[in-house]
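Following: one structure in structure tokens, then a few remarks.
The values are calculated or read from the model by the stated rules, or taken from the named source; none is laboratory data. It should be emphasised that the depicted structure is a prediction, and the values quoted were computed from it without experimental measurement. All Cβ positions, even for glycine, are placed from backbone atoms using ideal geometry, and neighbour counts span all protein chains on display.
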Amino acid sequence: MAFEIEILIIEIIMIVLFVLALRLTFKSWRDTKNRMYIAVSVYVGAVITNSILTLLSSMVGIDKEAYIVGYLKIGIIIAHILFVVQFEFILYLRRLTKLYTLPFIATFYLILGQLINPSIIPFIIYATVLTYPPAYFILRDGKKNRNGLAIGMGLFFLFWGLGYVIQISFIYNLLRILSAIAFYLGAIGFYEKYLFPDQEDEEKIVGTWISKLVIKE
Amino acid sequence: MVDNAFTTTLAHLGYSMNLFIIPITTLIVGIKLFREKKATGKFNIVRSTIFSIFFTFSILVILEFFVNVPVEKPALLVEWFGGLFESLNLYSFLIGIIASLGITLIAVANRWESFYYTSLFFYGGMVILFLFTGFDDLLMIYVYITGGASIIFLYLTAFRVKDNGALALAIFFTIAFGSVAIDIDLVTRISVLVYDVILIIYSTGFFKPFKVEVVS
């Protein structure tokens, strides 16, 4: 029971934060018509769907670890859907048009492999490759381009991925909430405001600091 | 008995012709590719794909020659080459690459950028899955579908952009895949000779059914 309440609280927090973020990214897309926002919105939509499914499965009593066909589990299918969107999103961000079909093909073979073989190792390798390197690239690009949304996405991938690695319930849940908060902060423009202030403001601050030092001396 | 001797002679003639004609065609296509690269500074993706098709085909015919001629050869080569579609072996692997490159050529010719490497990814996935699980049930149907699609789209592309190269390749693919699909000894042997002749005409630049060629 306590476990179910824990899931309920966490998933509701996730859904609330992501719905708020979705509203903002969708609004940004409507205002700017920048296709990146629609890609982010689709990704956020997939995360919300995952949370809703997790909630439903715990409430209705569907076991996400149950096999449906061969060695394929419901939980793995949901994770695959999420990774397809994540992979596609990364390719879109890096404008790798020629690789757009790769996520679908990789998923097809991973699912087919899982149907005939119980090993989860290929999926773990795939998930690791899709989590940490993209987190690094997105954070690096976000910092370079002073893009708060990209920083939020990068932190989200990082915390979300770490959560899957550290399979201690408390840390896993904490990292999931952290990932949602990090993403939400990116969507509301927190990082632009506090991590990357205007260059003019920056110069003012630096100037004030130097002048104070000079006066002191 | 006489029929058997005739088809065997035809087969050896085909293997021998293949051994020279296809690598020479590959060399000619390769020279054109690198000459263009020297002039423009970058590889032409259409030519690169055609070169890759012929290069793979060259490997196939060289291996086929060594496996089929009655000379001493390593048992491992014969075992790995296989020569049939039933499972993934060197023969079906190379045919699969050619079929995949055929689809790549269609995507490249039509500038469907998102699909440039789709067939190669799909085929690569199939090979990786086979290496890890031994599952190769998709191979045969994949080669037939991609081979068939390559032929249809190559004809469509050839007539749409009036491209002599695409038409030559379409005819070449039709005969090559047709002979693999029909699998009647005499038809296969004659087909090999026919596509060799077509390749000679194509690579020497005499294949020009479209007078005005539109290059996109």
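Among the helices (runs of 4 or more DSSP H) confined wholly to the stretch A:154-217, which include 1 or more residues that are polar (S, T, N, Q) and at pLDDT 65 or above?
A:169-187
Please pick out the residue among A:82, A:91, A:24 that is in contact (Cβ under 8 Å) with a residue 12 or more places away in the chain, part of a helix (DSSP H, G or I) and either more than 21 Å from residue A:145 (Cα to Cα) or aromatic (Phe, Trp, Tyr) (or both).
Within the list A:82, A:91, A:24, the selection yields A:82.
Kindly provide the set of residues from the stretch B:43-80 that are loosely packed, with under 15 Cβ neighbours inside 10 Å, assigned to a helix (DSSP H, G or I) and among the acidic types (Asp, Glu), ordered by number.
Matches in the stretch B:43-80: B:79 only.
Out of curiosity, is residue A:110 over 23 Å from residue A:183 (Cβ atoms) and either more than 14 Å from chain B (Cβ to nearest Cβ) or in contact with a Pro (Cβ under 8 Å, 6 or more places away or on another chain) (or both)?
For residue A:110, the condition - over 23 Å from residue A:183 (Cβ atoms) and either more than 14 Å from chain B (Cβ to nearest Cβ) or in contact with a Pro (Cβ under 8 Å, 6 or more places away or on another chain) (or both) - is met.
A quick yes/no check of all residues on (1) free of Cβ contacts under 8 Å to residues at least 12 places away in the same chain; (2) crowded, with 21+ Cβ neighbours inside 10 Å:
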| site | (1), (2) |
| --- | --- |
| B:163 | no, yes |
| B:166 | no, yes |
| B:191 | no, no |
| B:205 | yes, no |
| B:209 | no, no |
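Determine, yes or no, whether residue B:97 is among the β-branched types (Val, Ile, Thr), under 21 Å from residue B:191 (Cβ atoms) and surrounded by fewer than 19 Cβ atoms within 10 Å (Cβ to Cβ).
no
Name the single residue, out of those in the stretch A:113-125 being part of a helix (DSSP H, G or I) and within 7 Å of chain B (Cβ to nearest Cβ), that is nearest to the chain's Cα centre (by Cα).
The qualifying residue nearest to the chain's Cα centre (by Cα) is A:113.
Of the numbered conditions (1) among the hydroxyl-bearing types (Ser, Thr, Tyr); (2) away from chain B (no Cβ under 12 Å); (3) over 15 Å from the mean Cα position of the chain (by Cα), residue A:100 fails exactly one; give the number of that condition.
Failing condition for residue A:100: (2).
What are the pairs, 6+ residues apart or on separate chains, where a residue within the stretch B:118-130 that is facing chain A (nearest Cβ under 8 Å) and free of Cβ contacts under 8 Å to residues at least 60 places away in the same chain has its Cβ under 6 Å from a residue that is in a helix (DSSP H, G or I) and among the small types (Gly, Ala, Ser)?
Here the result reads B:129/A:113, each pair linking the stretch B:118-130 to a residue that is in a helix (DSSP H, G or I) and among the small types (Gly, Ala, Ser).
Quick test for you: out of B:136, B:163, pick the one residue that is at pLDDT 85 or above and out of contact with any strand residue (DSSP E or B) (no Cβ under 7 Å at 6 or more places or on another chain).
B:136
Out of A:140, A:94, I need the residue that is under 22 Å from residue A:42 (Cβ atoms), in contact with a helix residue (DSSP H, G or I) (Cβ under 9 Å, 6 or more places away or on another chain), exposed (fewer than 15 other Cβ atoms within 10 Å of the Cβ) and not hydroxyl-bearing (Ser, Thr, Tyr). Which one?
Only one candidate qualifies: A:94.
Tell me whether the stretch A:33-44 contains one or more residues that are within 27 Å of residue A:125 (Cα to Cα) and within 14 Å of chain B (Cβ to nearest Cβ).
no
Since residue B:111 meets every condition but one in (1) assigned to a helix (DSSP H, G or I); (2) within 14 Å of chain A (Cβ to nearest Cβ); (3) not hydrophobic (A, V, I, L, M, F, W, C), which condition does it not meet?
Of (1) assigned to a helix (DSSP H, G or I); (2) within 14 Å of chain A (Cβ to nearest Cβ); (3) not hydrophobic (A, V, I, L, M, F, W, C), only one is false for residue B:111: (1).
Please verify whether residue A:107 is of a type outside the set (A, V, I, L, M, F, W, C) and surrounded by fewer than 15 Cβ atoms within 10 Å (Cβ to Cβ), treating the condition exactly as stated.
It is false that residue A:107 is of a type outside the set (A, V, I, L, M, F, W, C) and surrounded by fewer than 15 Cβ atoms within 10 Å (Cβ to Cβ).
State the number of residues belonging to the stretch A:27-44 that are exposed (fewer than 14 other Cβ atoms within 10 Å of the Cβ) and either part of a helix (DSSP H, G or I) or within 19 Å of the chain's Cα centre (by Cα) (or both).
Matching residues across the stretch A:27-44 total 5.
Condition first: without any contact (Cβ under 8 Å) to a residue 24 or more places away in the chain and either among the hydroxyl-bearing types (Ser, Thr, Tyr) or farther than 22 Å from residue A:158 by Cα (or both). Now tell me which residues in the stretch A:103-118 satisfy that.
A:104, A:105, A:108, A:109, A:112, A:113
Regarding residue B:147, is this residue at pLDDT below 90, more than 14 Å from chain A (Cβ to nearest Cβ) and within 30 Å of residue A:96 (Cα to Cα)?
yes
Restricting to the stretch B:134-143, what's the tally of residues that are surrounded by 15 or more Cβ atoms within 10 Å (Cβ to Cβ) and β-branched (Val, Ile, Thr)?
1
Just one of the numbered conditions (1) within 12 Å of chain A (Cβ to nearest Cβ); (2) at pLDDT 90 or above is not true of residue B:97; which one?
Condition not satisfied by residue B:97: (1).
Please work out which residue is farthest from residue A:102 (Cα to Cα), limiting yourself to the stretch B:108-135 and to residues that are of a type in the set (Phe, Trp, Tyr) and out of contact with any Leu (no Cβ under 6 Å at 6 or more places or on another chain).
B:132
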